[in-house]
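Let me begin by presenting the structure, written as structure tokens, before commenting on it.
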Amino acid sequence: MNPLLRECMRRTSTIIPRTPRAAASRRPARTAAGVGLAMATALLASGALAQSAPPAPTANHTWGGCTLDAQTVEAIKNRINFGGQFDTQNPNANFNVSFILVYSLSNDNDGQPLKPPASGYTGAILCTNPESVGIQTTTETATLSGVDIRDVEQVHILQYREPSGGPTKKRVCSVTDSFTDCFTVSPP
């Protein structure tokens with residue numbers, strides 16, 4: 001078991017498993033960063049942690065100060081549902097956009113260029129819908145006392161280049177429940 005997950009489990013009062021042990025054992029090995037990101041994402045979505053507002057963007061760090069206005073949220077929802085494959089009419093279905101993580105494959109660290117006098121690039125940008133979720137900074141090792149960990153989701157991104165050269169590509173894999181779905185993302 002991943003040491004971070006073990007420590008997280010040790011520090012919580014109750015663990016509520018969502019998948020059978022056999023299904024969990026078929027999952028790829030979890031990295032501390034992946035588990036930390038998954039936990040932070042789940043906690044951000046639930047509003048469970050409240051420590052401080054996102055700091056100013058800095059080089060080599062994911063920045064969480066981006067917010068999505070209502071018009072942008074609606075535009076994203078329309079693009080997600082292009083072709084009508086999701087239930088948007090049922091009010092109990094909660095078709096919504098809570099947050100997105102923006103990567104820029106063409107820039108260092110997948111981030112955005114910093115404004116001078118700073119230099120370099122941020123990491124990915126986390127944009128939230130303030131009508132749906134709040135956001136607070138925290139750490140990967142922050143103590144979680146008296147909480148029930150409902151699930152650990154993981155997004156794993158592997159950057160690579162073919163031996164013959166060519167563009168940098170990313171393999172993006174997301175683990176939800178006992179399913180792993182992967183995609184290759186590359187310049188057109």
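The values are calculated or read from the model by the stated rules, or taken from the named source; none is laboratory data. What you are looking at is a predicted structure, and each value in this text was computed from that prediction instead of being measured. Cβ placement follows ideal geometry from the backbone for every residue including glycine, while neighbour counts extend to all protein chains displayed.
Observations
- Pairing each residue of segment 136-147 that is small (Gly, Ala, Ser) with any residue that is in a loop (DSSP other than H, G, I, E, B), provided the two are 6+ apart or on different chains, yields C-beta distances under 6 Å for Gly146/Ser13.
- Just one of the listed residues (Asn129, Asn109) is farther than 14 Å from Trp63 by Cα and assigned by TED's automatic domain parsing to the domain that holds Ala70, and it is Asn129.
- For segment 174-188, the candidate set comprises residues that are surrounded by fewer than 11 Cβ atoms within 10 Å (Cβ to Cβ) and over 16 Å from the mean Cα position of the chain (by Cα); within that set, the residue that is nearest to Leu105 (Cα to Cα) is Pro187.
- Residues of segment 155-173 classified as under 16 Å from Asp110 (Cβ atoms) and out of contact with any helix residue (DSSP H, G or I) (no Cβ under 7 Å at 6 or more places or on another chain), total: 12
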